[in-house]
Amino acid sequence: MARILVVALQQEVSTFNPVPSTYEDFAVTKGAAMLDTFAGTDTYAGGALDVLGKAGGVEIVPVYSALACSAGTLAAHDYQRIREELLAAVAEAARGGVDGVLFLMHGAMAAFGQTDPEGDVLVAVRAIVGPEPAFAMSLDLHGILTGRMLAVCPAVAVLKTYPHVDFADAGARAARLLLGQLAEGWRPAAARIRMPILVRGDECITETGIYGRYLARATALEGRDGVVSTALMIGNPFTDVAELCSQAIAVTRGDAQAAEAAARAVADGFFDERARMQADLVSLDAAVELARSRTFPLVLKDAADAPSSGASGDSVEILRALHAAGISASVLAPVVDRPAVERAFATGVGGRATFRLGGTCDPRFAALEIEAEVAMLSDGRYPMETWGTMEQAGRCAKLRAGPFTIIATSRPVQLFDRSLFFGHGEDPHRFDVNIVKSPHCQRQFYDDWAARTVSVDAIGATSARVQTLGHTVCARPIYPLDPDTPFEVAVEHFG
Ligand SMILES: [Zn+2]
């Protein structure tokens, strides 16, 4: 029997979000409980456990899982706590012997004092289990794969869709990379080409955009010339760490030359698309004008404050602009605002009070003072439309102020689907204007039925106008921060 340890560590950080994330933001699952939590789910672990379970001759050893929503940089002490728990669990599990370790990661973590937590953990796990066990890893295409990570684990399987709908598939592919090493005895060789570009915008939507065509071309290389995995990662532009970039990767069964040839083919031409792969934003004034001209249903995307990208979620910039313009159309909007929620609980359902909404986390944002009726109070637990899992928004309040319906949450939550609104008795279809704090959503959630969907050029920790964020750590030059960034192909080899 091959003993395979399964370890999950996932968070995406925006280093421009001023609110540090903490241990409490992570859902930590240890040992066998991981099977109950993840089996059959559309997650990396769900896909991986399915493949390992069907493999035969495999003993699955679920070890440790720490998963958090995107947020600000992880506090140093809290990262150390997770690291120590994870490594202690690995050491304990390794006593029974280890043939392989499967890592289910995102890749865009960052902690104070450690800008490459995934690489740090991979090195430490290798030190515990020794040089023999095979490693493989799944990653998000927004991850920042470092040279240190690749040196320890060249066998990587990366998401191929955005908006992401292939979590389980990526986990399954990572599991197969591990099983292949164990069954066939090869050691992975990886080649990568780093490209100094940050991309955003609609061309990143894989079903319709340029990025999808490049990913399809990369996938077509798999299964030929010993190529077992290819990836084209675009990084998370909001994670300002040293190796932030886009990168092409190819993995083979030990053939470095073939890996290099495939990585070159994956990268070919992508840098030349850099100008087309930037976000198309409309100004706040233009967004207000669309509302004034009654282009309904209208979806105003506030990607600059998207919790799923790591922002704090407490911006009311768009709402404030609509309010100042005296817009009479019905508007549905979310906001993270613990003080407003507390005030609503103190006021009670049916009561009226003046609220100062927004700007409670990120000092970039100004508040909107507004008189509102408390329409509903909740414990912030509701099922997610995307995964069916329970979301935990903390205490929440639904406020009504004239045409505005505002769901205030105590904590940031994923807003790439409509769960928060359904969970509070509101159907986005029934509103003239929806403010959506996500850069993109699966089409059926908003785009399929909206008359117009625009991305608004508001301020925030995850603004698609990445030039405005103030990167200080990532290697320069990089496009579009540096418009004249040059690029020459350089291939790095691992394994
Ligand atoms: Zn992602």
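State whether the residues of the range 429-441 include one that is open to solvent by 50 Å² or more (accessible area, probe 1.4 Å), of a type outside the set (S, T, N, Q) and more than 28 Å from E391 (Cα to Cα). Step through it out loud before you land on a result.
So the first thing to find is which residues in the range 429-441 are open to solvent by 50 Å² or more (accessible area, probe 1.4 Å), and the list is 429-430.
The next check asks that each one be of a type outside the set (S, T, N, Q); those that pass are 429-430.
From what is left, the residues that are more than 28 Å from E391 (Cα to Cα) are none.
No - not one qualifying residue is present in the range 429-441.
I'm told A191 meets every condition in (1) among the small types (G, A, S); (2) within 16 Å of the ligand (Cβ to nearest atom); (3) buried (at least 24 other Cβ atoms within 10 Å of the Cβ) except one. Can you identify the failing condition by its number?
(2)
Got a number for residues in the range 64-100 being within 30 Å of W186 (Cβ to Cβ) and under 23 Å from the mean Cα position of the chain (by Cα)? Give the derivation first.
Here is the first cut: in the range 64-100, the ones within 30 Å of W186 (Cβ to Cβ) are 64-65, 86-87, 89-100.
Going one step further and asking which of them are under 23 Å from the mean Cα position of the chain (by Cα), we end up with 64-65, 86.
Selection size over the range 64-100: 3.
Being of a type in the set (K, R) and part of a strand (DSSP E or B), is that true of even one residue in the range 427-441? Step through it out loud before you land on a result.
Applying the first criterion (of a type in the set (K, R)) to the range 427-441 yields 430, 437.
In the following step, the residues that additionally are part of a strand (DSSP E or B) were identified as none.
No; the residues of the range 427-441 include none that is of a type in the set (K, R) and part of a strand (DSSP E or B).
For T230, work out the one condition from (1) under 25 Å from G171 (Cα atoms); (2) part of a loop (DSSP other than H, G, I, E, B); (3) of a type in the set (V, I, T) it doesn't fulfil.
Here T230 clears every test but (2).
For the range 58-65, does any single residue satisfy the condition of being in contact (Cβ under 8 Å) with a residue 12 or more places away in the chain, surrounded by fewer than 22 Cβ atoms within 10 Å (Cβ to Cβ) and closer than 30 Å to A461 by Cα?
Scanning the range 58-65 turns up no residue that is in contact (Cβ under 8 Å) with a residue 12 or more places away in the chain, surrounded by fewer than 22 Cβ atoms within 10 Å (Cβ to Cβ) and closer than 30 Å to A461 by Cα.
Quick one: count up the residues across the range 213-230 that are out of contact with any helix residue (DSSP H, G or I) (no Cβ under 7 Å at 6 or more places or on another chain) and touching a residue at least 40 places away in the same chain (Cβ under 8 Å). Please lay out each step first, then the result.
Keep residues of the range 213-230 that are out of contact with any helix residue (DSSP H, G or I) (no Cβ under 7 Å at 6 or more places or on another chain), which gives 213-217, 219-220, 222-224.
If we keep only those that are touching a residue at least 40 places away in the same chain (Cβ under 8 Å) too, we end up with 214-215, 217, 219.
Number satisfying all stated conditions: 4.
Residues in the range 66-115 that are in a loop (DSSP other than H, G, I, E, B) and either surrounded by fewer than 18 Cβ atoms within 10 Å (Cβ to Cβ) or away from the ligand (no atom under 16 Å from the Cβ) (or both): how many? Lay out the reasoning, then the answer.
Here is the first cut: in the range 66-115, the ones in a loop (DSSP other than H, G, I, E, B) are 69-70, 72-73, 75, 95-99, 106-110, 112-113, 115.
Filter again for either surrounded by fewer than 18 Cβ atoms within 10 Å (Cβ to Cβ) or away from the ligand (no atom under 16 Å from the Cβ) (or both), leaving 72-73, 75, 95-99, 112-113, 115.
Looking only at that region, the number is 11.
Within the range 152-170, which residues are within 14 Å of the ligand (Cβ to nearest atom) and among the small types (G, A, S)?
Residue satisfying the conditions is A170 alone.
Taking the range 16-42, which residues are touching a Gly at 6+ places or on another chain (Cβ under 7 Å) and either in a helix (DSSP H, G or I) or open to solvent by 40 Å² or more (accessible area, probe 1.4 Å) (or both)?
Selection gives P18, V19, P20, F38, A39, G40.
Looking only at residues in the range 356-368 that are out of contact with any Lys or Arg (no Cβ under 6 Å at 6 or more places or on another chain) and of a type outside the set (D, E, K, R), which one is farthest from A325 (Cα to Cα)? Give the steps one after another, and end with the answer.
Of all residues in the range 356-368, those out of contact with any Lys or Arg (no Cβ under 6 Å at 6 or more places or on another chain) come to 356-366.
If we keep only those that are of a type outside the set (D, E, K, R) as well, we get 357-361, 363, 365-366.
Values: L357: 17, G358: 18, G359: 20, T360: 23, C361: 25, P363: 23, F365: 18, A366: 16 Å.
Per the stated criteria, the residue is C361.
Considering (1) under 18 Å from P307 (Cβ atoms); (2) open to solvent by less than 50 Å² (accessible area, probe 1.4 Å); (3) of a type in the set (V, I, T), say which one V374 fails and leave the rest.
Condition not satisfied by V374: (1).
Could you tell me how many of the residues in the range 465-495 are open to solvent by less than 60 Å² (accessible area, probe 1.4 Å), out of contact with any strand residue (DSSP E or B) (no Cβ under 6 Å at 6 or more places or on another chain) and farther than 14 Å from C245 by Cα?
2
If P196 satisfies all but one of (1) modelled with pLDDT of 95 or more; (2) over 29 Å from L179 (Cβ atoms); (3) open to solvent by 30 Å² or more (accessible area, probe 1.4 Å), what's the number of the condition it fails?
It is condition (3) that P196 fails.
Could you tell me whether A353 is in a strand (DSSP E or B) and either among the polar types (S, T, N, Q) or more than 29 Å from the chain's Cα centre (by Cα) (or both)? Walk me through how you get there before you give the answer.
On the way: in a strand (DSSP E or B): yes; either among the polar types (S, T, N, Q) or more than 29 Å from the chain's Cα centre (by Cα) (or both): yes.
Considered against the rule, which asks whether it is in a strand (DSSP E or B) and either among the polar types (S, T, N, Q) or more than 29 Å from the chain's Cα centre (by Cα) (or both), A353 comes out as yes.
Quick check on R217: is it surrounded by fewer than 23 Cβ atoms within 10 Å (Cβ to Cβ), under 14 Å from A265 (Cβ atoms) and at pLDDT 95 or above?
Yes.
The values are calculated or read from the model by the stated rules, or taken from the named source; none is laboratory data. Everything quoted here is computed from the prediction, not taken from an experiment. Note that each Cβ is placed from the backbone with ideal geometry, even for glycine, and that neighbours are counted across all protein chains shown. Side chains are part of the model used for accessible areas, which takes the heavy atoms of the whole protein and leaves out ligands, DNA and RNA. Shrake-Rupley method; radii C 1.70, N 1.55, O 1.52, S 1.80 Å.
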